[in-house]
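**Q** Have a look at this one before I ask anything.
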Amino acid sequence: MVKWFIYKDVLESIMEFSKSFYPNEFSGMLYSKDNIIEDIYIIPQTKSNYNSAVIRLDLVPMSFYVNGSVHSHPTPNGDPSNADLSFFQSKDINIIAYYPFSLSSFKAYNSFGKEVCLEVIIREENKNL
């Protein structure tokens, strides 16, 4: 089983975006290297409402490292819908943040829609600066 990690500051950003879009869904793409989620991309012209978010895939940066998705559910339910499961199929890691958008109100899934463990880690500061 592949183990996934996310930097705490990235998870905090996800929750802040989710709160700012509430009561609509928020959606973005995840940038990861070596199974560590390092950043989130907000895709221009994404459309969202209270029960969906649609990303313009033609505007997603072309990179092998943009290999995940994130979106919010404005309810206390972090389970994927059928549409979510279909979208997950082309991504390595997928996060659903759910209301009330705390650092513990999220679930992570693989491309098959199976829930996976996502460990929150602290980003080390660059000591060479």
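Read the figures in this text as sums done on the coordinates, not as results from a lab. Given the structure is predicted, the values throughout are model-derived calculations rather than measurements. Reconstructed Cβ throughout: ideal geometry from the backbone, glycine too, with neighbour counts over all protein chains shown.
**Q** Please find, in a Gaussian network model of the chain (springs between Cα atoms separated by less than 10 Å), the residue of ALA108, ALA53, ALA97 whose mean-square fluctuation is greatest.
**A** ALA53
**Q** Is the shape of the range 51-112 best called rounded, prolate or oblate, per the rule: a/c under 1.5 gives rounded, else a/b larger than b/c gives prolate, else oblate, with a ≥ b ≥ c the square roots of the Cα gyration tensor eigenvalues? Let's see the in-between values first.
**A** Working: a/c = 1.74, a/b = 1.68, b/c = 1.03.
Prolate.
**Q** Let me ask something else. What do you get for trypsin sites (Lys or Arg not before Pro) in the range 1-81 restricted to DSSP loop and a cutoff of at most 10 other Cβ within 10 Å of the site's Cβ? Don't skip to the end; give the middle numbers.
**A** On the way: sites: LYS3, LYS8, LYS19, LYS33, LYS47, ARG56; in loops: LYS3, ARG56.
Passing both the DSSP loop test and the Cβ count: LYS3.
**Q** Which residue fluctuates the most in the chain, going by a Gaussian network model with Cα springs under 10 Å, if the choices are PHE112, PHE26, PHE17?
**A** Maximum fluctuation in the GNM of the chain, among the listed residues, is at PHE112.
**Q** Suppose we keep just the DSSP beta bridges with both residues in the chain; what percent of those would be antiparallel, to 5? Please list the in-between numbers first.
**A** Numbers: 19 of 31 bridges.
Antiparallel bridges: around 60 percent, rounded to the nearest 5.
**Q** Report the longest stretch of the chain that contains none of the GluC sites (Glu not before Pro) sitting in a DSSP loop with at most 10 other Cβ atoms within 10 Å. Let's see the in-between values first.
**A** Details: sites that count: GLU124, GLU125.
Result, exposed sites excluded: 1-123.
**Q** Nearest 20 debye, what's the magnitude of the dipole of the chain about its Cα centre given +1 on Lys and Arg Cβ and -1 on Asp and Glu Cβ?
**A** Values: 11 positive and 15 negative charges, 28 e Å.
Roughly 140 debye, rounded to the nearest 20.
**Q** Taking 21 Å as the cut-off for C-alpha to C-alpha distance, list the pairs among LYS47/LYS114; LYS3/LYS33; LYS19/LYS91; LYS8/LYS114 that go past it.
**A** Working: LYS47/LYS114 26 Å; LYS3/LYS33 12 Å; LYS19/LYS91 24 Å; LYS8/LYS114 23 Å.
From LYS47/LYS114; LYS3/LYS33; LYS19/LYS91; LYS8/LYS114, over 21 Å: LYS47/LYS114; LYS19/LYS91; LYS8/LYS114.
**Q** Still on this structure, I have one more. Calculate how steeply helix 8-21 sits against the longest principal axis of the alpha-carbon atoms of the chain, using the helix alpha-carbon long axis, and give the answer as 0 to 90 degrees to the nearest 10.
**A** Helix 8-21 sits at roughly 20 degrees to that axis.
**Q** In addition: Can you list the trypsin sites (Lys or Arg not before Pro) in the range 85-129 that are in a DSSP coil and have 16 or fewer other beta carbons within 10 angstrom? Intermediate values should be presented prior to the final figure.
**A** Details: sites: LYS91, LYS107, LYS114, ARG123, LYS127; in loops: LYS91, LYS114, ARG123, LYS127.
In loop regions of the range 85-129 (DSSP not H, G, I, E or B), the sparsely surrounded trypsin sites (Lys or Arg not before Pro) are LYS114, ARG123, LYS127.
**Q** Between SER52, SER81, SER102, which gets the highest mean-square fluctuation from a Gaussian network model of the chain, Cα cutoff 10 Å?
**A** Residue with maximal mean-square fluctuation among SER52, SER81, SER102: SER81.
**Q** For the pair TYR22 and ARG123, how long in nm is the line joining their label points, each one 7 Å along Cα→Cβ?
**A** Taking the simple label geometry, TYR22 and ARG123 are separated by 2.4 nm.
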